[in-house]
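Participant: Attaching a single structure in structure tokens format; questions to follow.
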């Protein structure tokens with residue numbers, strides 16, 4: 001198995017708070033990784049370093065075999081390396097037509113910057129049909145993004161990332177505000193990432209959701225990776241026990 | 001989601017349809033009220049010469065409003081570019097230099113507004129009210145409150161290009177306004193810049209995350225607005241054969257009314273250049289319609305007010321019903 005992402009001894013602190021302590025992690029190029037942990041465990045700090053929001057204090061990172069120079073790394077550059085982060089709140093602009101939301105920032109255009117709208121609308125229809133599973137008949141790519149449900153919006157953002165050949169899609173708590181039915185849809189979209197041969201980091205609080213789709217689970221606790229197990233080594237019960245034991249340890253330490 | 005393409009098309013262009021119908025209804029009412037005036041060509045000829053002065057800045061304002069900003073400074077931008085044009089023309093007599101000077105002045109004023117809003121972070125409505133006073137004051141200092149006579153300009157080739165009459169009836173400024181409207185329409189609907197404006201106005205966070213250079217887009221919208229104000233200022237000077245220190249002052253209401261009647265969202269993210277142009281025509285014919293119907297001129301503002309509030313309310317209601 002080749003690796004899409006390799007993190008070596010990453011540390012990061014904010015003032016006196018040590019957010020990440022010597023984190024090392026390898027991610028296969030078609031692996032769905034569930035990243036679990038309580039609030040403040042360091043999940044988002046880790047993801048922000050991967051997607052170029054800020055650099056680590058020490059440690060190194062390889063994307064697709066290429067060592068990243070953090071002085072020249074940014075959000076825009078991480079996208080060029082094929083890493084795309086999908087946020088629950090800011091995935092789409094609601095008033096804009098679906099096709100503009102798919103192609104924003106990456107339009108199919110001619111030399112003068114004019115958009116090939118007809119082609120983009122056709123591609124959008126395909127994407128809505130193939131990834132989100134909406135019926136192709138009667139679907140209008142000119143409708144505003146607000147017609148989609150919460151889960152479908154995540155789906156459009158995931159489909160968009162796959163359309164633009166992202167190698168690694170990071171989902172930051174994609175199901176937090178969604179109903180059960182919508183959550184099922186999002187889990188389905190994550191399975192499509194696997195089928196498409198891409199890698200995914202799925203951050204969540206919810207053990208059952210992560211267990212349903214992940215190939216491997218990593219548990220973080222106060223800036224450290226405390227457990228890293230592949231799916232065949234664990235059951236939902238063992239994973240739950242593991243997480244509870246860390247919460248206990250935390251409580252004991254706090255007392 | 002509509003299956004019949006005709007209804008889908010109607011739904012998609014409902015704003016444009018609504019505003020066009022409003023214009024038709026107004027024309028019918030005015031024709032019935034004063035057939036002598038509104039069935040003769042001469043009134044439309046004068047509309048063609050007066051409406052472009054505020055229609056051109058209104059087209060620029062559409063872009064500014066789509067990206068979620070306001071420019072209250074533009075009357076002073078028009079006056080300042082007009083002043084630079086007149087001053088250069090009387091001093092050098094060089095047409096090209098005068099025009100370029102005025103365009104640079106207008107664009108620079110817009111660019112400064114953009115910098116204050118984006119780099120310092122002052123809300124645009126406050127920042128541009130401030131700069132409006134500043135530039136108007138500076139103009140008064142520079143011209144000592146006196147108008148500039150441009151007699152002779154109406155015989156120069158400049159007049160034919162910017163304020164002539166095609167076939168003796170159609171004003172050049174109307175052709176300029178139509179040309180600008182078509183260009184800006186394409187820019188807003190089919191160019192990546194227009195797309196960037198829409199996303200910036202709709203959801204800045206999303207725009208940023210998707211790689212839209214939000215700051216640059218906002219600054220350039222203000223700069224373009226300044227550029228269009230300069231064109232309007234130049235044409236006004238050439239048409240009138242003089243520059244006057246209060247130039248542009250009456251346009252504040254007319255421009256915002258045109259934009260909002262035209263269906264451009266008060267909240268940013270959406271806008272229609274076609275709507276703005278029809279809005280400008282509506283605003284332009286209201287006064288003539290009221291006066292020729294025999295009502296007092298004082299009614300004009302009242303009617304402006306009603307039209308603005310009613311159309312803005314209508315669009316908000318339509319936007320709500322269009323969303324599920």
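Just so it is clear, none of the values below were taken in a lab; they were calculated from the coordinates. This structure is a prediction, so every number in the text was calculated from the model and none was measured. Cβ coordinates were reconstructed from backbone atoms using ideal geometry, including for glycine residues, and neighbour counts include every protein chain displayed.
Participant: Only residues of the stretch A:46-65 count here: report those whose backbone N is under 16 Å from the spot 7 Å along Cα→Cβ of residue A:24, or say none.
Facilitator: A:58-62
Participant: Express the relative contact order of the stretch B:15-322 as a whole percentage, based on alpha carbon pairs under 8 Å and six or more residues apart in sequence.
Facilitator: Working: 509 pairs, mean separation 102.0, N = 308.
Relative contact order for the stretch B:15-322 comes out at 33 percent.
Participant: Take the Cα of residue A:119, step 7 Å along the line toward its Cβ, and report every residue of the stretch B:184-216 whose backbone nitrogen sits under 17 Å from that point.
Facilitator: B:190-193
Participant: Also, quick follow-up: Which residue, A:161, A:118, A:199, has the most motion in a Gaussian network model of chain A that connects Cα atoms within less than 10 Å?
Facilitator: A:118
Participant: Describe numerically, in nm with one decimal, the distance between label points set 7 Å from Cα along Cα→Cβ at residue B:33 and at residue A:142.
Facilitator: 3.4
Participant: How shielded is A:105-115 by partner chains, expressed as the average number of their Cβ atoms within 10 Å of its Cβ atoms?
Facilitator: Neighbouring Cβ atoms belonging to other protein chains average 4 per residue here.
Participant: Between residue A:17 and residue A:69, what is 0.36 nm times their sequence separation minus the Cα-Cα distance? Round to one decimal in nm.
Facilitator: Extra length available between residue A:17 and residue A:69 comes to 16.3 nm.
Participant: Take the Cβ-Cβ distance between residue B:156 and residue B:303 as r, set R0 to 35 Å, and report the resulting FRET efficiency rounded to the nearest 0.05.
Facilitator: 0.35
Participant: GNM, chain B, Cα, under 10 Å: largest mean-square fluctuation among B:306, B:290, B:126?
Facilitator: Answer for the Gaussian network model of chain B: B:306.
Participant: Round to the nearest 0.05 the FRET efficiency obtained for residue B:141 and residue B:252 when R0 = 25 Å and r is the Cβ-Cβ distance.
Facilitator: 0.70
Participant: Given a Förster distance of 60 angstrom, what is the FRET efficiency for residue A:237 paired with residue B:129, based on the Cβ-Cβ distance and rounded to 0.05?
Facilitator: 0.40
Participant: So if the hydrodynamic radius of the stretch B:177-239 is defined as the Kirkwood radius over C-alpha pairs, what does Stokes-Einstein give as its diffusion coefficient at 37 °C and 0.692 mPa s, in µm² per second?
Facilitator: Values: Rh = 12.9 Å.
Here the translational diffusion coefficient equals 254 µm²/s.
Participant: Could you work out which residue, out of B:164, B:137, B:101, moves most in a Gaussian network model of chain B, that is, has the largest mean-square fluctuation with Cα springs under 10 Å?
Facilitator: Evaluated over chain B, the most mobile residue of the options is B:137.
Participant: Right, here's the next one. How large is log10 of I(q)/I(0) for the stretch B:15-322 at q = 0.07, 0.10, 0.12, 0.16 Å⁻¹ when the intensity is taken from the Debye formula with one equal scatterer per alpha-carbon?
Facilitator: Debye output, listed in q order: -0.27, -0.56, -0.81, -1.35.
Participant: Pairing the Cα long axis of helix A:117-127 with the longest principal axis of chain A, what angle in degrees results, from 0 to 90 and rounded to the nearest 10?
Facilitator: Relative to chain A, helix A:117-127 is tipped by roughly 50 degrees.
Participant: Measure out, as a whole number of angstrom, how far apart the alpha-carbon centroids of the stretch A:157-177 and the stretch B:33-105 sit.
Facilitator: Spelled out, the Cα-based centre of one part sits 47 Å from the other.
Participant: Here is a further query. 222 nm [θ] for the protein assembly as shown, helices only, -39500 (n - 2.57) per DSSP H run of 4+, per residue, to 500?
Facilitator: For the protein assembly as shown, the value works out to -18500 deg cm²/dmol.
Participant: Compute the label zone of residue A:230 within the stretch A:191-220: residues whose backbone N is under 15 Å from the point 7 Å along Cα-to-Cβ.
Facilitator: A:214-218
Participant: What translational diffusion coefficient, in µm²/s and rounded to a whole number, does the Stokes-Einstein relation yield for the stretch A:1-82 at 4 °C and a viscosity of 1.567 mPa s, taking the hydrodynamic radius as the Kirkwood radius over Cα pairs? Could the numbers behind the result be given before it?
Facilitator: Numbers: Rh = 13.1 Å.
Value of D from the Cα-based Kirkwood radius: 99 µm²/s.
Participant: Sticking with this one: Rounded to the nearest 5, what is the percent of antiparallel bridges among the DSSP beta bridges in chain A?
Facilitator: In chain A, approximately 55 percent of DSSP beta bridges are antiparallel ones.
Participant: With the alpha-carbon atoms as the only input, what is the per residue convex hull volume for chain A in Å³? The partial results should precede the final answer.
Facilitator: Values: hull volume 37.6 nm³, N = 255.
Taking only Cα atoms, chain A has a hull volume of 148 Å³ per residue.
Participant: Taking every DSSP beta bridge that has both residues in the protein assembly as shown, what percent is antiparallel when rounded to the nearest 5?
Facilitator: Details: 28 of 48 bridges.
About 60 percent, rounded to the nearest 5.
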